[in-house]
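The values are calculated or read from the model by the stated rules, or taken from the named source; none is laboratory data. This is a predicted model, so every value here is computed, not measured. When we count neighbours, we look across all protein chains shown, and the Cβ atoms used for this are built from the backbone with ideal geometry, even at glycine.
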Amino acid sequence: MTRKMIKVHNKSDKPNNIVQKENEIIEKCIELENILPDFMKDFFLYLKSGVALTTRFAYLQDIHFFCKYLVSEKTITKASDTQDILLEEFSQIRARDINRFIGEFCTRYTVEKQDSITVMENHNRSLARKKSSLAVLFKYLYRDELIPENITDGFNPIRLPKPQPDAIKRLEIDEVAILLDAVEKGEGLTEKEIEYWEKTKLRDKAILLLFVTYGLRLKELQQLNISSFNFGRGDFKIYRKRGKEVSMPLNKSVEKVIKDYIEKERPGEVHVSEENKDALFLSLQKTRMTERAIRELVKKYTSIALGTTKDHGYSPHKLRATAATSLIQYGFSIYDVQNLLDHDNVTTTQLYAAHKKNVKREIVNNFEWLDEYDNNEK
């Protein structure tokens, strides 16, 4: 059966591409809900109204994975399908069962396909997310009096490494200069890459400058439209986590590269399909660039700045860290940077602020009161 075309009848302020993307995730959520036990239906409603859409999808994936494990193990349920697991069977689950699932099964398991077997390994951060998803489910079922006790207090703790400032990967200011020089002149690219660069250099430059100026998340940049920009007012709109609409001011550098790309390189409207007419960054196929394509573009140029292979180039998130540390090194307060980057907690921004120690040392070393130590004295 051919799939019907989905049209967006949009009465909100959100652009159609964002509404359509959200609808795709909602459809995936519904697909998962339809293959999970019926007694979880009220829990699905709670997720729908209580958490962000991407969080809802992640929780459902984890819970479905756990239910598949129960079916395959056959110790708690006799069901042959996740949808057929009974509430009575679920009520028999104890904390030790969850601890075994997370501590033994999830750390390393295999996925079999027709022609291959893939070994899957999860680090503590992934295990902590699975534990969190199950904790939310079991707390809800207990609160709703569907199971007799709250077993989550017996879940084993999972230790997560504390983020260390020195471990934050980002480009130094001089490496950002090399990055922008590479996209400007094509230096460091292979002959094959030069062929593509000739057609996309203005687009690539605009993408990189947006990342290192604003510290945008990959999703935020990928969703940008031409209509997102109001050059008359000098700002542009982005949609952050939890659907939050934010207006960002344009500086002259970013305004110039965006206009250059639109006017000199981006295909005109007559050459672009209706679905992609408003998309800001287009591929050579004249469709909205995918997150994967943007990620590969960033890895390519950052590998040149770092003097390493493409496989060891940085992700867009590392350019977010680059923007944060650069702004702090230029003297902006951590609260200003927190606001710009949309950090929920200022402690996240403080990790980047730790890099300012070298700047402080430089200032103090060049500010001597005693003449014999004053290097600035002529």
| If you go through the stretch 198-211, how many residues are more than 23 Å from Lys21 (Cβ to Cβ) and either under 16 Å from the mean Cα position of the chain (by Cα) or not in a helix (DSSP H, G or I) (or both)? | 0
| request: Go through the stretch 241-271 and count every residue that is in contact with a Lys or Arg (Cβ under 9 Å, 6 or more places away or on another chain), of a type in the set (D, E, K, R) and either modelled with pLDDT of 95 or more or surrounded by fewer than 14 Cβ atoms within 10 Å (Cβ to Cβ) (or both). | output: 5
| query | Is it true that some residue in the stretch 121-135 is in contact with a Cys (Cβ under 6 Å, 6 or more places away or on another chain) and not basic (Lys, Arg)? | reply | yes
| request: Please go through the stretch 36-46 and pick out each residue that is part of a helix (DSSP H, G or I) and in contact (Cβ under 8 Å) with a residue 24 or more places away in the chain. | output: Asp38, Phe39, Met40, Asp42, Phe43, Tyr46
| remark: Of the conditions (1) loosely packed, with under 12 Cβ neighbours inside 10 Å; (2) at pLDDT 95 or above, the single one that Ala206 does not satisfy is (1)
| task | Would you be able to say whether some residue in the stretch 175-197 is within 30 Å of Asp42 (Cβ to Cβ), small (Gly, Ala, Ser), in a helix (DSSP H, G or I) and modelled with pLDDT of 90 or more? | result | no
| request: Read through the list (1) of a type outside the set (Val, Ile, Thr); (2) farther than 17 Å from Ile294 by Cα; (3) not in a helix (DSSP H, G or I), then give the number of the only condition that Leu216 fails. | output: (2)
| task | For the stretch 133-162, name all the residues that are within 19 Å of Ala58 (Cβ to Cβ), in contact (Cβ under 8 Å) with a residue 40 or more places away in the chain and not aromatic (Phe, Trp, Tyr). | result | Ser133, Leu134, Val136, Leu137, Leu141, Thr152, Ile158
| request: Looking for whichever is exposed (fewer than 13 other Cβ atoms within 10 Å of the Cβ) and among the charged types (D, E, K, R) here; the options are Lys169, Lys139, Lys131. Which one fits? | output: Lys169
| Of the residues Ile35, Ile26, which single one is in contact with a His (Cβ under 8 Å, 6 or more places away or on another chain), modelled with pLDDT of 95 or more and among the hydrophobic types (A, V, I, L, M, F, W, C)? | Ile35
| field | Filter result for the condition that a residue is of a type in the set (Ser, Thr, Tyr), free of Cβ contacts under 8 Å to residues at least 12 places away in the same chain and surrounded by 13 or more Cβ atoms within 10 Å (Cβ to Cβ), over Thr77, Thr107, Thr82, Thr55 | value | Thr55
